[in-house]
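Reviewing the structure listed below.
The values are calculated or read from the model by the stated rules, or taken from the named source; none is laboratory data. All figures in this text were calculated on a predicted structure; none of them were measured in a lab. In this analysis, Cβ positions are derived from the backbone assuming ideal geometry, glycine residues included, and neighbour counts consider all displayed protein chains. These area figures cover heavy atoms from the full protein model, side chains too; ligands, DNA and RNA do not enter into them. Shrake-Rupley method; radii C 1.70, N 1.55, O 1.52, S 1.80 Å.
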Amino acid sequence: MRWKSIRKGGQRALAATFFPYLHWRWSRCVQELPALSMSYKSGLPPAQKHWRKYLCRHWSIRRRLAALLEHYSQLDCLPGSWKERLLALGPVSLCQVPLKSGEALEVLLEPSDFYREGELGLYMRNGEGERLYSLSFTFGKGGQLLIGGLQGPRTTMDEGTVKWLGKEMFGLRPKNLLLTVLYTLGEQMGGRQLLGISDAAHTCSHKLKSSYDTFWQEAQASRHDRHWYRLPEREPVRDIAEVKSQRRSEFRRREALRDEISSAIRQAWSQETVAAAAA
């Protein structure tokens, strides 16, 4: 352990020596945004994330530092008070998800508590506020949204939760719903390119319970480079002609739910933008 600590200390000293401008810019950013020195739900504070694996397990300290700087330089793309709420480590309610039973779930934009997987997270929560599913991402350079993680229900929750959600949302998978939400947010930001992390490059690649590669391929993504998948510019819409006739009624309800969620997010964005302009 002592040798490991000495080695890490040496790496940090070398990084600060070889990349002084990046470190200076990051220090300025941390001074201007005190929230970056605060821990969220016992996670590592953003100010220290570049010293650990972050977003991509193959990235160097320099690349992690550049990614953090890029993200926090783009927070102004969010409307009105959303930026302030997130920097205060608070949530932003995006939409309700009406279920077949008449109940509803909520999707929120929050600081990600999976600190290795991104700075922001889309969280699907039930009426008790429990996390059911989440998607973590970071603003990347060139208009990219870097998706570093997808998480399902906690192990303490009922094993039937996934099946129950699928039935309640007419067969729409929660992970796909969160992807729809991210596509809609990217659209409101003027069009963003979504990139998803690969299995081999995930920060906890040895602990994955399901394949990211498979999920991205199902979403019609293609290889961007050896670490990332590039998703289509627009979310693919399945042709109803490809759906079996006995499944088409459910398909229409599923697509109607997806459209309803996207419309609610556009409305929330628009209302917040108008309120900010009037302030």
For segment 158-215, which GluC sites (Glu not before Pro) are both in a DSSP coil and crowded by at most 13 other Cβ atoms within 10 Å? E159
14 Å beta-carbon shell around V243, net charge (K/R +1, D/E -1): +3
Longest site-free stretch - the chain; sites: trypsin sites (Lys or Arg not before Pro), DSSP loop, at most 12 other Cβ within 10 Å: 42-99
Find out how many positive minus negative residues lie around Y183, taking Lys and Arg as positive, Asp and Glu as negative, among other residues whose Cβ is under 11 Å from that of Y183. 0
Looking at this model, which pairs from K209/K244; K83/K209; K41/K207; K41/K163 are more than 23 angstrom apart at the alpha-carbon? K209/K244; K83/K209; K41/K163
Could you work out the pair-distance distribution P(r) of segment 12-92 from its alpha-carbon pairs, with 10 angstrom bin width and percents rounded to whole numbers? 17, 49, 29, 5
Whole-Hz Karplus couplings 3J(HN,Hα) for segment 136-149, θ = phi - 60° and coefficients 6.51, -1.76, 1.60, Gly and Pro as x, run 9, 8, 9, 5, x, 5, x, x, 8, 10, 8, 8, x, x
Could you give the alpha-carbon Rg of segment 134-188 over 2.2 N^0.38 Å, rounded to two decimals? 1.35
What accessible area per residue comes out for the chain, rounded to a whole number of Å², with a 1.4 Å probe? 52 Å²
Most mobile of P34, P174, P79 per a Gaussian network model of the chain (Cα springs, under 10 Å)? P34
If you plug each phi of segment 60-72 into the Karplus form 6.51 cos²θ - 1.76 cosθ + 1.60 with θ = phi - 60°, what whole-Hz ³J(HN,Hα) values come out, in order, with x for Gly and Pro? 7, 4, 4, 5, 5, 5, 5, 5, 5, 4, 4, 4, 6
Roughly speaking, to the nearest percent, how much of the chain's 1.4 Å accessible area is carbon and sulfur? 50 percent
